[in-house]
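The values are calculated or read from the model by the stated rules, or taken from the named source; none is laboratory data. These numbers come from a predicted model, not from an experiment. Note that we place each Cβ from the backbone using ideal geometry, even for glycine, and neighbour counts take in every protein chain shown.
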Amino acid sequence: MSKTEPCFLTAAEAAAAIRAGTLTSETLIRSCLERIAARDPAVRAWLHVDPELAIRQARERDKRPPTGPLHGIPFGVKDIMDTADMPTTYNSPDWQGHRPTRDAACVSIVRHSGAIILGKTDTVEFAYNSRKAASRNPYNLAHTPGGSSSGSGAAVGDFQVQCAFGTQTAGSHIRPASFNGIYAIKPSWGTVSREGVHMISAILDTVGWYGRSVDDLILGAQAFRLPAIETLTAPAAAGLRIGYCETPFWAKAEAGAKAAMAASVERLRRAGAIIEEIVLPAHFADLSEAHTMIMFGDGGVALYDEYLRHRSTLHPELRLTVEGGRGVTPEKLVAAYDLADACRKEFDAIASGYDAVLAPASTGEAPKGLHTVGDWIFNGLWTLLHTPCVAIPAVLGEQRLPVGIQLVGPRLSDARLLSVARTLQTVIDTGAEERAAILRAA
C-alpha cells in the first residue's frame, strides 16, 4: 500500500482532515479495511469485522457535521466488551456466537463521540491468564503482541485501525503498547465505566485505549471527559522535572527495557528536562505479591459462575483460580488491601513533586512464541496503585522489535500527564518513521 493511504494517518490527523473536508470517513474506513484484508490473515488481530456495516456507518457520519472528537474515526473493541451489533465471545469456546443486546458503556461513549466500531479484536480468554489469542506481533509474526489486549495492540500497531480499546488488570494494556510500538493510556482507576465489560477484579480492572500519538489518546480522553481534560496545557520540555523510577523489579529488566530507559533519559536531558532518580520505599517491593493475591482472589469470585456452568470446558488455569489453588487466604487479602491503600497515598505524595515519573513499560522486546504474552511485572504495581499511565514508544531492540516506556502520575492527574506526554512525545519517540517503514514493507 502507498504510504499516503489514509490507514497510515493517526486518529488526530484523520479527525482534522475530516473536519477540514479533505477526507471522508468512508475513504478512511475503506483504507483500513483494505489494510485488514492484506495483513490480518497473517497478524490475526480481529475476531469479527463487518465491512458493510462499517461503510454504512461511515456514510452516515459523512452526512453530518462532526459532533464529537472521534467523528468518523474507526475504533477496535476488545472482545470482552459488549457490542449490540457484533458477537462478544470473550475468546471462550463456551461463548461463541453470543450476541449482547446493548453496548458496553465505553463502546456507547465512543459511538456517541462519532467513532465507528470497525470490529472485535482478539483477546486472552476472559482477559485472564488462560487461552491465548491467535494474534501475532506485526513486526515479527513469530513473537507475541502481548496480552490480554493482544488483537487491539496488534491492529493499531499494524495500521489496521487508528484506535482500539484495551483493558488492564495486571499489565494487559501498557505492555502490548510497548511490544507493538504504539501509544496507550491506562487512565486512573474508576474514571471510565466498566459496565458491559467482563470483570475480573473491581479493584484492578481498568479500561484504556490505544492510538498512534498522544493526540490520539487525548481525543479519547475528551470523549470520556477525563478529569480536567478541558484545561489541557502545553508545557515546554526544558525545565520539566521527571522522576526516573526503575521500580523494585529492575532485576527483571532485559536489554530492551534498559535501552529504552537509557535512551529516554538521554533524550530528555538533551531537551532540557531535569531527571531525578526515585527509589521507592522498600515495602513497594511487596506490591507484586499483593497484586497477585488480589487478582487471583477477585478472579476466583468473578469466574465462579463460569465454573459452575462450564466446568468441564473451562481452561485449567481458570479452574485452578476458582478452586483456590493460588494460595489466596483472607489474611493475605486483607494485608494486600492495606498495603495498597498505604502505598497509593505514599506514591501520590512522591509523584506530586514531579511533572511525570518515567518507568519501564515492559521487561523488554516481545518474547518469541504465542504460548506467552510476556511478563507484567513492570505494570501490576501501577494498576494496583490506580495511577494513570501513558505508554510511549522509545527504541527498537536487538531483535528489531519495539520497546516503550511509560509516564506515570499521581491518581486523577490524567490531563496533566497527557499534556506532559504530548510535549515529550517527539523527544522520546524518535523512531516513528522507521517503525512505519518496517510495517509498510511487511
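Counting just the residues of the stretch 312-329 that are β-branched (Val, Ile, Thr) and either surrounded by 13 or more Cβ atoms within 10 Å (Cβ to Cβ) or at pLDDT below 95 (or both), which one comes out nearest to the chain's Cα centre (by Cα)? Ranking the qualifying residues of the stretch 312-329, first place goes to Thr321. For the stretch 137-158, the set of residues classified as of a type outside the set (Ser, Thr, Tyr) and crowded, with 24+ Cβ neighbours inside 10 Å consists of Asn137, Pro138, Pro145, Gly146, Gly147, Gly151, Gly153, Ala154, Ala155, Val156, Gly157, Asp158, listed by residue number.
Okay, residues lined up against (1) over 17 Å from Thr121 (Cβ atoms); (2) at pLDDT below 95; (3) not hydroxyl-bearing (Ser, Thr, Tyr):
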site: Ile36; (1), (2), (3): no, no, yes
site: Ala45; (1), (2), (3): no, no, yes
site: Val49; (1), (2), (3): no, no, yes
site: Glu52; (1), (2), (3): yes, no, yes
site: Glu60; (1), (2), (3): yes, no, yes
site: Pro69; (1), (2), (3): yes, no, yes
site: Gly72; (1), (2), (3): yes, no, yes
site: Thr89; (1), (2), (3): no, no, no
site: Thr101; (1), (2), (3): yes, no, no
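With respect to (1) of a type outside the set (A, V, I, L, M, F, W, C); (2) farther than 30 Å from Thr169 by Cα; (3) in contact with a Gly (Cβ under 8 Å, 6 or more places away or on another chain), the lone exception for Glu34 is condition (3).
Let's see how each residue does on (1) within 24 Å of Asn379 (Cβ to Cβ); (2) surrounded by 18 or more Cβ atoms within 10 Å (Cβ to Cβ):
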residue	(1), (2)
Arg212	yes, yes
Ala236	no, no
Ala255	yes, no
Ala263	yes, no
Leu287	yes, yes
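If you go through the stretch 118-135 and keep only what is in contact with a strand residue (DSSP E or B) (Cβ under 9 Å, 6 or more places away or on another chain) and buried (at least 24 other Cβ atoms within 10 Å of the Cβ), you end up with Leu118, Gly119, Lys120, Thr121, Asp122, Thr123, Ala127, Ala133, Ser135. Residues that are among the acidic types (Asp, Glu) and either surrounded by fewer than 19 Cβ atoms within 10 Å (Cβ to Cβ) or in contact with a helix residue (DSSP H, G or I) (Cβ under 7 Å, 6 or more places away or on another chain) (or both) within the stretch 413-442 comprise Asp414, Glu433, Glu434, listed in sequence order.
Could we say that Phe126 is farther than 18 Å from Asn91 by Cβ, in a helix (DSSP H, G or I) and modelled with pLDDT of 95 or more here? No; evaluated as a whole, the condition is false for this residue. Residues in the stretch 270-285 that are assigned to a helix (DSSP H, G or I) and within 27 Å of the chain's Cα centre (by Cα) were compared, and the one that is surrounded by the fewest Cβ atoms within 10 Å (Cβ to Cβ) is Ala285. At least 2 residues being within 19 Å of the chain's Cα centre (by Cα), surrounded by 23 or more Cβ atoms within 10 Å (Cβ to Cβ) and of a type in the set (A, V, I, L, M, F, W, C) is the threshold, and among the helices (runs of 4 or more DSSP H) wholly inside the stretch 1-115 those reaching it are 105-112.
In the set (1) buried (at least 21 other Cβ atoms within 10 Å of the Cβ); (2) in contact with a His (Cβ under 6 Å, 6 or more places away or on another chain), the condition left unmet by Phe179 is number (2).
Checked against (1) without any contact (Cβ under 8 Å) to a residue 24 or more places away in the chain; (2) under 30 Å from Arg440 (Cβ atoms), Asn180 meets all criteria but (1).
A count restricted to the stretch 55-72 and to residues that are closer than 12 Å to Val110 by Cα and free of Cβ contacts under 8 Å to residues at least 40 places away in the same chain stands at 0.
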